[in-house]
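A.B. asks: My questions all concern the structure below.
Derivation of every value follows stated rules applied to the coordinates shown; laboratory data play no part. This structure is a prediction, so every number in the text was calculated from the model and none was measured.
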Amino acid sequence: MPRSRRFARGVWLALLILTSGTPLHPARAQGPAPGAPVPESTRRELQQALAAATDRFQAMDTAGVLAHVSDRYRNGPITKASIREQLLALFALYDTLRARVRVEDIRMVDGAAWVYSTGEVSGRLRGVGVWTTVLSWEREPEVARRERNVWRLLGPGP
């Protein structure tokens, strides 16, 4: 996976905005997801955390976004520190960013939430005013875990 794609998946949690609408892309046919379905209360907690992270992303608040990423985050060579640098670059390049995401499924595996989503992030290029697609994905898994009673992103699912 190219480095830019790995980074983009790495900030997935921070980019989520939950909608009840139709998925942006049809979900890819895959085998059954591992783990067990989450209770409705856990689903609501994760949706609230994801909505808060998205609000901070769209407000271009680097510290606010990173509050939703674990200090233990790993995606190959990508760490929380490199996500910070990439966010600063995105916020310098775009004057407005929007995220649209549909959560397809959430499963619990060994105490971690595996969140499968489909979505798109778009941005308006600073000084040019042209909207472009920054990132899109289909049914990609990301793993979140409670840390000090807060859901934080740990990295991608397998």
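A.B. asks: Between rounded, prolate and oblate, where does region 29-158 land on the alpha carbon gyration tensor, with a ≥ b ≥ c its root eigenvalues, rounded for a/c under 1.5, else prolate if a/b exceeds b/c?
C.D. replies: Prolate is the answer for region 29-158, as a/c is 1.5 or above and a/b outweighs b/c.
A.B. asks: Calculate one ³J(HN,Hα) per residue across region 116-131 by plugging θ = phi - 60° into the Karplus curve 6.51 cos²θ - 1.76 cosθ + 1.60, and present them in order as whole Hz with x for glycine and proline.
C.D. replies: 9, 9, 10, x, 8, 10, 10, x, 9, 5, 4, x, 9, x, 8, 7
A.B. asks: Specify whether the C-alpha gyration tensor of region 81-150 places it in the rounded, prolate or oblate class, a ≥ b ≥ c being the square roots of the eigenvalues: rounded for a/c under 1.5, otherwise prolate if a/b is larger than b/c and oblate if not.
C.D. replies: oblate
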